[in-house]
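The values are calculated or read from the model by the stated rules, or taken from the named source; none is laboratory data. Note that the structure is a prediction, hence the values are computed from the model and not measured. Here the Cβ positions follow ideal geometry from the backbone for every residue, glycine too, while neighbour counts run over all protein chains shown.
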Amino acid sequence: MAKLNVNPTRMELTRLKKRLRTAQRGHKLLKDKRDELMKQFLELVRRNRELRRSVEERLMNAHNSFVLAAASMSEESMEAALMCPRQTVAVDVSMKNVMSVIVPVFDFEMEGDPSDIYPYGFGFTSGGLDVAVWSLNDVMQDLLDLAAMEKAAELMSDEIEKTRRRVNALEYVMIPNLQETIRYITMKLEENARGNTTRLMKIKDMMVAQQYEAAKARQQLQ
């Protein structure tokens, strides 16, 4: 702990006490914010882990279906089948506030007939290609949700770290320094008050002694 370089006056003492109360309130608010962020972050990580496992499994199934389709179709036939998609995807990005952390929310809209996801006829393509296209279409929303969750987790992690540093700075540096400075000023003022009291008592004793000597001198003159 180190005291601040201030003048030991009553005005400074009052100002520092106000700063201390403000710092203690801020410390409590930041600590509550950190705890709530940690709670939401851990819940987000749990959901993210479950969703990632599901998305990776479904993407692997889609990949396996593409491999099977590629084994039964020529490369030229597969490229021709997928060359002209009948639908387009528009991704909408919005924001939401989570404990003062602005996190993204992704959503997508399919432009075209939602029931017609296959950009080819079924006469000259493999069934594995149908499964692969359907799997990718089915996993799209979860894939965007996973991206949003991972970005939110990254932003919340940064905010937790910043909040933790602020809490520690208040708890271990600013508040102890203010308390030490207040203690120093209080002791200094009490010391000055005792010194003033001692000087007043000495002055009083001197005045009493002077009055006694004056009274004694008047008696001798009489």
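Just one residue in the set Leu51, Leu136 is in contact with a helix residue (DSSP H, G or I) (Cβ under 6 Å, 6 or more places away or on another chain) and either free of Cβ contacts under 8 Å to residues at least 24 places away in the same chain or within 29 Å of Glu161 (Cα to Cα) (or both); that residue is Leu51.
Does at least one position in segment 78-91 carry a residue that is surrounded by fewer than 14 Cβ atoms within 10 Å (Cβ to Cβ), farther than 30 Å from Leu170 by Cα and either among the charged types (D, E, K, R) or touching a helix residue (DSSP H, G or I) at 6+ places or on another chain (Cβ under 6 Å) (or both)? The answer is yes, given that some residue of segment 78-91 is surrounded by fewer than 14 Cβ atoms within 10 Å (Cβ to Cβ), farther than 30 Å from Leu170 by Cα and either among the charged types (D, E, K, R) or touching a helix residue (DSSP H, G or I) at 6+ places or on another chain (Cβ under 6 Å) (or both). When every residue of segment 64-77 is checked against the conditions, at least one turns out to be surrounded by fewer than 16 Cβ atoms within 10 Å (Cβ to Cβ), closer than 22 Å to Leu143 by Cβ and not aliphatic (A, V, I, L, M). The residues in segment 108-146 that are modelled with pLDDT of 80 or more and under 27 Å from Leu44 (Cα atoms) can be counted, and the count is 12. Contact annotation: residue pairs with Cβ atoms under 7 Å, 6 or more positions apart or on different chains, pairing a residue in segment 34-45 that is modelled with pLDDT under 95 with a partner that is β-branched (Val, Ile, Thr) and buried (at least 18 other Cβ atoms within 10 Å of the Cβ), are Arg34/Ile160; Arg34/Thr163; Arg34/Val167; Leu37/Ile160; Leu37/Thr163; Met38/Ile160; Phe41/Ile160. The set of residues in segment 128-168 being of a type in the set (Gly, Ala, Ser), surrounded by fewer than 18 Cβ atoms within 10 Å (Cβ to Cβ) and more than 17 Å from Leu37 (Cβ to Cβ) consists of Ala147 alone.
Please name all residue pairs, on different chains or six or more residues apart, with Cβ atoms under 8 Å, provided the first residue is in segment 150-172 and is of a type in the set (Asp, Glu) and the second residue is surrounded by fewer than 12 Cβ atoms within 10 Å (Cβ to Cβ). Pairs found: Glu159/Ser100. Out of all the residues in segment 1-19, which are over 12 Å from Ile185 (Cβ atoms) and in contact (Cβ under 8 Å) with a residue 12 or more places away in the chain? Correct list: Met1, Ala2, Arg19.
For (1) in a loop (DSSP other than H, G, I, E, B); (2) closer than 30 Å to Leu30 by Cα; (3) under 35 Å from the mean Cα position of the chain (by Cα); (4) polar (S, T, N, Q), each residue gets a yes or a no:
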{"site": "Val93", "(1), (2), (3), (4)": "no, yes, yes, no"}
{"site": "Val105", "(1), (2), (3), (4)": "no, yes, yes, no"}
{"site": "Phe108", "(1), (2), (3), (4)": "no, no, yes, no"}
{"site": "Tyr120", "(1), (2), (3), (4)": "yes, no, no, no"}
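Number of residues in segment 12-63 that are buried (at least 16 other Cβ atoms within 10 Å of the Cβ) and among the hydrophobic types (A, V, I, L, M, F, W, C) equals 11.
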